[in-house]
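**Student:** Please read through the structure below; I'll follow up with questions.
The values are calculated or read from the model by the stated rules, or taken from the named source; none is laboratory data. Every value quoted in this text rests on a predicted model; they were computed, and no experiment measured them. A quick note on method: Cβ atoms are made from the backbone with ideal geometry, for glycine too, and the neighbour counts reach across all protein chains shown. SASA here: full protein model, heavy atoms, side chains in, ligands and nucleic acids out. Shrake-Rupley method; radii C 1.70, N 1.55, O 1.52, S 1.80 Å.
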Amino acid sequence: MRILISADMEGATGVTWPDDCEPGNPAWQRCRTMFTSDVNAAIAGFLDGGATSVLVNEAHATMRNLLLEDLDPRAQLLTGRHKDLSMVEGVQHPDVTGVAFVGYHTGAGTEGVLAHTYLANSITGVWVDGVPASEGYLNSLVAAQFGVPVTLVTGDDLTCEDARTYAPSAVTVAVKDCVTRYAAVCRPPAVTSKLIREAAEQAAALARRTEPVTGRTYRVEVEFDAAHLAAAADLVPTVRRTDTRRVEFGADTAYTMIRTFKTVTTVAAAAREADYG
Ligand SMILES: [Zn+2]
């Protein structure tokens, strides 16, 4: 049993504020330890539950946040950015039997600690076939294409609720309860590491490959906070502007869907100005 952990930072223990997860800030340095603690707890739990190997794929910002020197030596870390499948790079390998979303958060335009979808503010909503889609939702579609179930989700309490929309049988752990986008009632790492470890051990029982999803199509709508970002996204082949701040595109596979979405976010981010967006 090989487990892939996709590790994002906004949903990590103790993280509630942009500085907590923006590389280079003193607060980020401090929070890296708690982020690594969450991931280590998941690694230990999956191994307790019978996993034979664990690969951790960093999925936050520059994707260079976890402290390798403190990582459970039984796991391996894929660190750094520019990866084919971004946050779920590795899920395409046929030996992966389950994926875990650790430190995840809710989607753009919804309640939740540091809620967003890819871009911190510029994207105000994403929908797949009309259904609101968080990063967890999008990544679960990619995992499903490769026959890999989502077994564990950790983040704030609203992230756990969101997980029920895309992975109803996944085990969830709320490491904090959302108060506002930048405030939460946090449980200390000594508590959350125990909760995550127990949950991951339970989640290991769900790690069984399923029939890969084929033959479905995906219609994705993306809404921005400014018109020129929709105009920029419209430059991407297959993407069409449908309203002042909205674009949409179709995809025949989740693989194409996530790659097109990533292209849209990259082009939109390049069109963004520092203060005015
Ligand atoms: Zn992130």
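**Student:** With the structure loaded, tell me whether Val91 is outside any helix (DSSP H, G or I) and within 16 Å of the ligand (Cβ to nearest atom) or whether it fails that test.
**Tutor:** For Val91, the condition - outside any helix (DSSP H, G or I) and within 16 Å of the ligand (Cβ to nearest atom) - is not met.
**Student:** Please work out which residue is nearest to the ligand (Cβ to nearest atom), limiting yourself to region 1-35 and to residues that are in a helix (DSSP H, G or I), of a type outside the set (S, T, N, Q) and touching a residue at least 24 places away in the same chain (Cβ under 8 Å).
**Tutor:** Per the criteria, the residue is Cys21.
**Student:** Could you list, in sequence order, the residues of region 51-66 that are charged (D, E, K, R) and either away from the ligand (no atom under 13 Å from the Cβ) or open to solvent by 10 Å² or more (accessible area, probe 1.4 Å) (or both)? Explain how you work it out, then say what you get.
**Tutor:** Start the filter on region 51-66 by keeping residues that are charged (D, E, K, R), which leaves 58, 64.
Result: Arg64, single match.
**Student:** Quick one: which residue in Asp48, Asp38 is among the acidic types (Asp, Glu), under 26 Å from Arg208 (Cα atoms), touching a residue at least 40 places away in the same chain (Cβ under 8 Å) and surrounded by fewer than 17 Cβ atoms within 10 Å (Cβ to Cβ)? Lay out the reasoning, then the answer.
**Tutor:** Numbers: Asp38 fails: surrounded by fewer than 17 Cβ atoms within 10 Å (Cβ to Cβ).
That would be Asp48, the only listed residue that is among the acidic types (Asp, Glu), under 26 Å from Arg208 (Cα atoms), touching a residue at least 40 places away in the same chain (Cβ under 8 Å) and surrounded by fewer than 17 Cβ atoms within 10 Å (Cβ to Cβ).
**Student:** Please state which one of Val185, Val173 is within 24 Å of Asp20 (Cα to Cα), within 19 Å of the chain's Cα centre (by Cα) and not aromatic (Phe, Trp, Tyr).
**Tutor:** Numbers: Val185 fails: within 19 Å of the chain's Cα centre (by Cα).
Exactly one residue qualifies, and that residue is Val173.
**Student:** Which fully enclosed strands (runs of 3 or more DSSP E) of region 95-169 have 3 or more residues being crowded, with 21+ Cβ neighbours inside 10 Å?
**Tutor:** Counting at least 3 such residues, we get 96-104, 150-156.
**Student:** Kindly indicate whether Asp225 is open to solvent by 80 Å² or more (accessible area, probe 1.4 Å) and farther than 27 Å from Ile43 by Cβ.
**Tutor:** Here the answer is no, as Asp225 does not meet what is asked.
**Student:** Now for a separate question. Among the numbered criteria (1) within 21 Å of the chain's Cα centre (by Cα); (2) buried (at least 17 other Cβ atoms within 10 Å of the Cβ); (3) within 25 Å of Val91 (Cβ to Cβ), which one does Ala269 miss?
**Tutor:** (2)
**Student:** Any residue that is under 22 Å from Cys21 (Cα atoms) and within 16 Å of the ligand (Cβ to nearest atom) - is there at least one of those in region 145-153?
**Tutor:** yes
**Student:** Any idea how many residues of region 170-215 are outside any helix (DSSP H, G or I), open to solvent by 30 Å² or more (accessible area, probe 1.4 Å) and closer than 26 Å to His93 by Cβ?
**Tutor:** Of the residues in that region, 9 qualify.
**Student:** If you don't mind, another one. Yes or no: Val236 within 23 Å of Lys83 (Cβ to Cβ), outside any helix (DSSP H, G or I) and open to solvent by less than 40 Å² (accessible area, probe 1.4 Å)? Before you say what the answer is, go through the steps one by one.
**Tutor:** On the way: within 23 Å of Lys83 (Cβ to Cβ): yes; outside any helix (DSSP H, G or I): yes; open to solvent by less than 40 Å² (accessible area, probe 1.4 Å): yes.
Criteria met by Val236.
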